[in-house]
Number of protein chains: 2
Amino acid sequence: MNEKNQLVVQKFGGSSLATEELLRNVAARVCERREDGADLVVCVSAMGDTTDELLSLANRLSGDESPSPRETDALISTGELVSASLMGIAIRGLGHDAISLSGRQAGIRTDDTYGSARIANIDPKRISSELERGRIVVVAGFQGLTPTDDTTTLGRGASDLTAVAIAASIKADICEIYTDVDGIYTADPRLVPDAQVIPHIGYEEMLEMASLGAKMNPRSIEMAAVHKVPMLITSSFNPDAKGTRIGNFKDSDNMEIRKSITSIATERAVSRVTLIGVADRPGIAAAIMTPLADAGISVDVIVQNVSTGGLTDLSFTVGQEYLQRVTEITSANNDVEYTDLATRDGLAKVSVVGTGMTNSPGYAARMFRALANAGVNIEMITTSEIRITCIVDEKNVGTAAQAIHSEFELEVV
Amino acid sequence: MNEKNQLVVQKFGGSSLATEELLRNVAARVCERREDGADLVVCVSAMGDTTDELLSLANRLSGDESPSPRETDALISTGELVSASLMGIAIRGLGHDAISLSGRQAGIRTDDTYGSARIANIDPKRISSELERGRIVVVAGFQGLTPTDDTTTLGRGASDLTAVAIAASIKADICEIYTDVDGIYTADPRLVPDAQVIPHIGYEEMLEMASLGAKMNPRSIEMAAVHKVPMLITSSFNPDAKGTRIGNFKDSDNMEIRKSITSIATERAVSRVTLIGVADRPGIAAAIMTPLADAGISVDVIVQNVSTGGLTDLSFTVGQEYLQRVTEITSANNDVEYTDLATRDGLAKVSVVGTGMTNSPGYAARMFRALANAGVNIEMITTSEIRITCIVDEKNVGTAAQAIHSEFELEVV
């Protein structure tokens, strides 16, 4: 460890490590950064689809029940162990000293919510001592250890969280997240060809966008905001990408491309669950949501209708992959009475995000009008101070994003 | 844990777990045993060829050098973690409570000889407490933890060792090793069609045979002998197999099939290294062997010729897979001077084993004559009290085994 070197945490996701060749490229990139003068901690995800493949194997073997969450975590955490040790080997193969650490060895301690554990604390002793020996430290992302000595995982996409948490604990100068895109865009470029990479974004806006399908783990942004960890989201494939810096940026930092809103976030594969004829009494929403939260399922948009005759309808959205479990859990929930449970698949979320909206009325109306003019029906609406979200039919998501992008002139530099 | 239940350690090897279907079958078999009234610890190897596949990936990524032994152990130990958690999931899917433990969680502590670590001690606290909760405990074989908190592996085939060591530490009633054969045979049945399963065998004879290619890890037999762990070697595929019991058996226990020798062991893929013109001075053999032992390479048959003019030739055999490293290590060994280093591939070991030989001369002569009559040339010879080993050309191994099997009438019941 050299006092003059920048202290950098880098994180490479599964798609950046999907093949032997890609893994070798990442190792080369890490070594270049090292040679430029940086002390490095490299967090890695499992290679490609490893986690999904292990999960389907577990599901097939577990019979009628879901596989035990503890055993599932013991299983899927191996994917990151494999990529970490392979990365260590590849870096050493390129002539730099490296050591791989499991989440446990990296000092990451969590609660025992298997499948989506919370980090309780990090003891970076081993990381620091390996850095002091001049080594590149490769850490298996996505995992930690409970107080009872069992392995947990931190939830899908949570290797980002490992990276940010380590960056906070060792007071890194920057936490760099390498992905398969060039940065955070003003809208999904597959939907909106004019979309651009945002050079700078504040934690708060990024947090809204991360919750809205921007492929960033919201908990990692939250943690970065709390510990003031500067982040860079950039491409692991395109070395020329400038990426998006996340930090305590003010509106003026982005003037070159920004209007009142920063970007449009889209998320596909959304399902809606509607409970019809629910008793409209205090605590009913909590009674519905608590068992879902306990199961680690995050509920997004919640809308409750005006009550008629003491009964109301309550709708919420969840990721399509959770729909079956949500239906099971809610049907088994004896604390809630309702007449009927209806579900709908094939929806999408379209959101506009921007701190510029806070003090200026009229953005919601402009968004709704743009959607109406494009012939897109709105199924549900929610808003926060810096965000407006509409649920639309999934087949309209491109039309919707383009219409809004154009309405707010995000394509104009 | 039920006081009346038998306490059983079972071990299933990689070929018994090579596919999802096989793994499910093993889980079903474990559950049956549980239902018959046994408290169970189940040790598992990695599924099928996982370890080899990870090793070749590591070799490809490590450039010109061999991959770091520490990183290699971190990598390949994941194979057993995967099969242990999948086995836990499959057993639970069949309605029994089960928990998987890594080698570390099972309390297995080793030295830091990565790649072939020695077990220093086992603290079976966690295993015992999980058994007391009525759970089937699945342990990832082949691995342990160093005093500096790093993962080690115990050497190829050493999941057997994990099973025996755990059996010794929890004082199990029996340690059952499930393999892809019906038990220990009088000779390799692929070479000698009349070969039979030996019902009982003593530790000492088994140890000789294990060193000689009987597909059992010699260190596990050694440990079983020291701790007096009764073992059963049987088939994971054939539920009707009676298997071979290993224990403190006397000659008379095997009278029904045994002549003076118990069995014939064969091992293919043997290479010979010959150092020509070595100075014949005290300590020369040690000087040659020590760096090989340090690298965890086990040398088998060692033969030193009569010295002429103060120089001698020294030959030894190693498994073919080690030949390159042996050549490298020996060439780099400055403590030994020699004129030339010659190697030969494509050899095999043929051994006869039996405590009956100890007090009766003439067995060696009968063996050599049988080989001569079958037209098999002998390349090297070594003997112990209960064993005679000949090195022959690999292409003659079947002819040699049949000739000896027939000479000693092992096929006659």
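The values are calculated or read from the model by the stated rules, or taken from the named source; none is laboratory data. Predicted, not measured: the structure shown is a model, and the values here were computed from it. Ideal geometry is used to build each Cβ from the backbone, glycine not excepted, and the neighbour counts take in all protein chains shown. In case anyone asks, the SASA skips ligands and DNA or RNA and just uses the protein heavy atoms, side chains included. Shrake-Rupley method; radii C 1.70, N 1.55, O 1.52, S 1.80 Å.
Relative contact order, whole percent, for chain B stands at 14, derived from Cα pairs under 8 Å and 6 or more residues apart. Summary value for the range A:277-400: 25 percent relative contact order, contacts being C-alpha pairs under 8 angstrom separated by 6+ residues.
Pairwise Cα distances in the range B:178-230 exceed 16 Å for 41 percent of all pairs. The interface between chain A and chain B buries about 3100 Å² of solvent-accessible area in total (1.4 Å probe, ligands and nucleic acids excluded).
The mean sequence separation of alpha-carbon pairs under 8 Å and at least six residues apart, normalised by the residue count of the range B:335-388, gives a relative contact order of 48 percent. Over chain B, DSSP H runs of length four or greater, each weighted -39,500 (n - 2.57), average out per residue to a 222 nm ellipticity of -9500 deg cm²/dmol. Within 10 Å, at most 13 other Cβ atoms, and a DSSP state outside H, G, I, E, B define an exposed site. Report the longest part of chain A free of exposed trypsin sites (Lys or Arg not before Pro). Answer from the scan: A:251-413.
For the range A:22-142, the alpha-carbon coordinates run over 53, 31, 15 Å along the three principal axes, in decreasing order.
Normalising the Debye intensity of the protein assembly as shown to I(0), with uniform scatterers on Cα atoms only, and taking log10 at q = 0.08, 0.09, 0.10 Å⁻¹ returns -0.80, -0.95, -1.09.
Relative to the other identical copies, B:E32 shows label-point distances of 5.9 nm, where the label point lies 7 Å from Cα along the Cβ direction and values run shortest first. Beyond 22 Å in Cα-Cα separation lie the following of the pairs B:K4/B:K242; B:K11/B:K349; B:K11/B:K242: B:K4/B:K242; B:K11/B:K349. Expressed as a whole percent, the accessible area of the protein assembly as shown that falls on carbon and sulfur atoms is 48 (1.4 Å probe). Given springs between every Cα pair under 10 Å in a Gaussian network model of chain A, which of A:T317, A:T244, A:T383 has the largest fluctuation? Answer for the Gaussian network model of chain A: A:T383. Shape summary of chain A, radius of gyration then Dmax from alpha carbon positions: 22.3, 74 Å.
For B:R281, the distances from its label point to the matching points in the remaining copies are 9.7 nm, ordered from shortest, with each point set 7 Å beyond Cα toward Cβ. In a GNM of chain B with a 10 Å cut-off on Cα contacts, which of B:A90, B:A365, B:A140 has the highest mean-square fluctuation? Residue with maximal mean-square fluctuation among B:A90, B:A365, B:A140: B:A365.
Taking the Cα atoms of the range B:132-210, the ratio Rg/Rh between the radius of gyration and the Kirkwood radius comes to 1.06. Taking Cα atoms only, the orientation of helix A:284-294 departs from the longest principal axis of chain A by about 20 degrees.
For the range A:89-113, accessible area lost to neighbouring protein chains reaches 10 Å² or more, against the chain alone with a 1.4 Å probe, at A:I89, A:A90, A:R92, A:G93, A:I99, A:S100, A:R104, A:Q105.
Comment: the Cα-to-Cβ extended label point of A:G346, at 7 Å, lies 6.7 nm from its counterparts in the other copies, nearest first.
Evaluated on the range A:264-413, the Kirkwood hydrodynamic radius is 16.5 Å, with distances taken between all distinct Cα atoms. Does the range A:291-330 classify as rounded, prolate or oblate by the C-alpha gyration tensor (a ≥ b ≥ c root eigenvalues; a/c under 1.5 gives rounded; else a/b over b/c gives prolate, otherwise oblate)? Here the range A:291-330 falls in the prolate category. Taking Cβ atoms as reference points and 12 Å as the exclusive limit, the residues near A:C31 contribute a net charge of +1, counting Lys and Arg as +1 and Asp and Glu as -1. Closest approach of a chain A beta carbon to the axis mapping chain A onto chain B (residue, whole Å): A:T78, 2. Just checking the listed ones, B:S129, B:S77, B:S236: in the Gaussian network model of chain B with Cα springs under 10 Å, the one fluctuating most is B:S129. If you take all other residues with their beta carbon under 11 Å from the beta carbon of B:L22, and give Lys and Arg +1 and Asp and Glu -1, the sum is -1.
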